[in-house]
Amino acid sequence: MKVKGWVRLCAWTLAACCSIPASASQSEGMSSSYEFTVLHHFSGNDGSCPKGPLTQAPDGSWYGVTGAGGARNAGTIFRISGDTPLQSLYSFTGFKDSSQPNGALVLARDGYLYGSTYGDAGADRGSIFRVSKQGELQTLYRMTQGSGAGPIIHGRDGSIYGTMAMGGPTQFGLLYRWTPGQEMTVLHGFSTNGTGTDGSNPMGHIVQGSDGSLYGATYLGGTGGHGTVYRVTVDGQFSLMHSFDPLTKDGVQPMDGLSRVGDTLFGTTVYGGLENKGTVFRVTPDEGYQTITRLPADNSAGSWVNAGHAIDSNVVVGTSSAGGANGAGTVFVAAGRMVTALASFPAAPFGTASSRLAVGRDGDLMGVTCNSGAYGLGMVYRLRRSVAH
């Protein structure tokens, strides 16, 4: 399907710029259409409930994971390239290799893709693994504290950093460092009662700032009880940057974590804002926390924001799980205080659980949904821009 709109996007790249003209006359006669194409419907044997974002390799292929499905219903690793069929590279067993891979794969300089598994929250606390582009997987480390591993990053010191949403020394999640050949180091354990000022249940993506510190968000806790934005140095010094409060219209419950452009942090909240539809925010060193935009109360751009990814200092592309033309969520772009739906997801009875988008070298937006699709088990989709004069 194609979604029409007077949206001019300047060379979608990782450093793209974006402006949304107020009228057709300002668009220099250029109308943009966005073609929403489902590239793959998951059916179970090939995986189910894909977790994003996808990761692009130098050859243009995309790699991703599913949290379930596969040979033992423990998740899979897959590759998809252009319009060619999806290829399952590895199927988790739920035993020595753990289960439920979660979040983006990280392509390292050694050519391997690194990732983490969520585990079963029992004896299996999750793991850190690496996999070749041919599907040969090696479990590097089995988690010893916490449960519910989130996405990982490679730090500039060569260590891997990540969060656990639950458990740990204070039982409400932790931020850790793992260096090959060593045990995991807990840099910070989040509040024991779930309402402490540092937050609880860290979720989503963490980023490393230009100062070397780690930045992230918690889903709950803080002085307002509905999440925080935090900073932790690599030696474990914690600083609270913002606490979300339901009494304001600045949004509550950030679920996707943060992205970074320069020294500015960007994120989204699931709820809050106008009529509880969700928000897009940023945090800068000089100005602190600012709400960039609140999704409209009329649901036109979507509601209940799943994820957001900053393209540059003024533009965030995101996904929502409800609202839009079909009531099942949207792909939207927020430029300054303006927010516009680029596409609406196909109708789904329970909305669309969609992950953070990835921007390809060709300018395509690539995404996955954990549900919906022909079998209700998720899909891989592409949003491609075409311009007509």
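What follows is calculated from the coordinates using simple rules that are stated; it is not laboratory data. Predicted, not measured: the structure shown is a model, and the values here were computed from it. Cβ placement follows ideal geometry from the backbone for every residue including glycine, while neighbour counts extend to all protein chains displayed.
Beta bridges assigned by DSSP with both partners in region 132-226 are antiparallel in approximately 90 percent of cases. Charge dipole (Cα centre; +1 on Lys/Arg Cβ, -1 on Asp/Glu Cβ; no other charges) of the chain amounts to roughly 480 debye. Averaging the sequence gap over all C-alpha pairs within less than 8 Å and six or more residues apart, then dividing by the number of residues, gives the chain a relative contact order of 14 percent. Think of each Lys and Arg Cβ as +1 and each Asp and Glu Cβ as -1; about the Cα centre, that makes the dipole of region 71-224 roughly 220 debye.
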